[in-house]
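The values are calculated or read from the model by the stated rules, or taken from the named source; none is laboratory data. Note that this is a predicted model, so its numbers are computed, not measured. Positions of Cβ are generated from backbone atoms using ideal geometry, with glycine treated the same way; all protein chains shown enter the neighbour counts.
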Amino acid sequence: MITRRELLGAAASLPFVATPSWAETQSAVITRPIPSSGELLPVMGMGSSRTFDVALDSPMMAQLTEVVRLFFAGRGALIDSSPMYGQAESALGAVLEKLSMPAGLFAATKVWTYGAEAGVGQMQESSRRMRVPAFDLMQIHNLRDWKLHLPTLRQWKEEGKIRYLGITTSHQRNHRELEDIMRTEALDFVQFSYNIENRLAEERLLPIAAERGIATIINRPFQRGALFSRSKGKPLPPLAQELACESWGQFYLKWIIGHPAVTVLIPATSKPKHMKDNMGANVGQVPDVAQRAEMLKIFKAL
């Protein structure tokens, strides 16, 4: 049976190329290490919640294919999904297959069910739906039945069925339990919400991740689009130019990237122009502490 590494190596020789006029002229990609291994990941990943819940015969599939093509043209790697997201895993699988499984793909999904046996079946189905022989990262979605699933994920990691394991939440009500898990369990990744408006993760989750050597995946970086209602029609501040931000979207993403405990962001979109804009934050200068403070001050004044 062909391994995932062999599959990706073969894919590198296939005719998938980035758009030279865009990707080749960009500065170095911003990367962060996965603490448990040292492997470097580009900071800009891609989510699929809501945006990829599309039937395979839908005309939208062509648009989603362009979204993913632009993601890899912008030198992204981590794509995150879940069985919770309707048909998203299947749509992603079809797109990735059409693009000949682009080299560099870091495939991540989640287990989201009750019971160890049901979890195994669901993860096997996710592999079939996303058309990847093995996931780079398997996460327990919203802490669901984590005490039963975590031993399975550890076994799968030992057997080489996954490379990394993690746990996620998008809900503040789960933060206390998540903190306890992060402090007591060996995790490679943790995923939660964090953005310039919702800064709760700064209090405990991000510091614990840094202390324990856990990579972080940031979901809802735009607060599900709510941030743009604050900045709509407003001119970008001079600081944006210093950071090579060409849009408010890049401004908001760069603010998150500036936190040293952040590993990867996963904004979700079904629109090519938004994906191209997101990937503009995958390169260039990272805000320092003083610049982040000024960015926050600017946002609060909007």
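Of note:
- Options L143, L40; residue that is over 16 Å from W156 (Cβ atoms), in contact with a helix residue (DSSP H, G or I) (Cβ under 6 Å, 6 or more places away or on another chain), free of Cβ contacts under 8 Å to residues at least 40 places away in the same chain and surrounded by fewer than 21 Cβ atoms within 10 Å (Cβ to Cβ): L143
- Positions within the range 211-240 being in contact (Cβ under 8 Å) with a residue 40 or more places away in the chain, over 17 Å from A268 (Cβ atoms) and out of contact with any Ser or Thr (no Cβ under 9 Å at 6 or more places or on another chain), in sequence order: R230, S231, K234, P237, L239
- Summed over the range 45-82, residues that are touching a Phe, Trp or Tyr at 6+ places or on another chain (Cβ under 8 Å), crowded, with 18+ Cβ neighbours inside 10 Å and under 18 Å from T168 (Cα atoms) total 8.
- As a summary of the residue check, H175 satisfies the conditions (1) in contact with a strand residue (DSSP E or B) (Cβ under 9 Å, 6 or more places away or on another chain); (2) not in a helix (DSSP H, G or I) except for the one numbered (2).
- Just one of (1) under 20 Å from T31 (Cβ atoms); (2) in contact with a Gly (Cβ under 8 Å, 6 or more places away or on another chain) fails for A261. It is (2).
- Counted residues, the range 112-128 - those being buried (at least 16 other Cβ atoms within 10 Å of the Cβ), not in a helix (DSSP H, G or I) and not β-branched (V, I, T): 1
- Residue in the range 222-230 that is surrounded by 13 or more Cβ atoms within 10 Å (Cβ to Cβ), at pLDDT below 95 and on the phi > 0 side of the Ramachandran plot present: yes
- Scan of the range 129-140 for residues that are crowded, with 19+ Cβ neighbours inside 10 Å and either touching a residue at least 60 places away in the same chain (Cβ under 8 Å) or not in a helix (DSSP H, G or I) (or both), ordered by number: V132, F135, D136, L137, M138, Q139, I140
- The residue pairs whose first member lies in the range 82-93 and is more than 13 Å from E125 (Cβ to Cβ), whose second member is of a type in the set (A, V, I, L, M, F, W, C) and in a helix (DSSP H, G or I), and whose beta carbons are closer than 9 Å, counting only pairs six or more residues apart or on different chains, are A91/M60; A91/M61; A91/L64; L92/L64; L92/V68; L92/M130.
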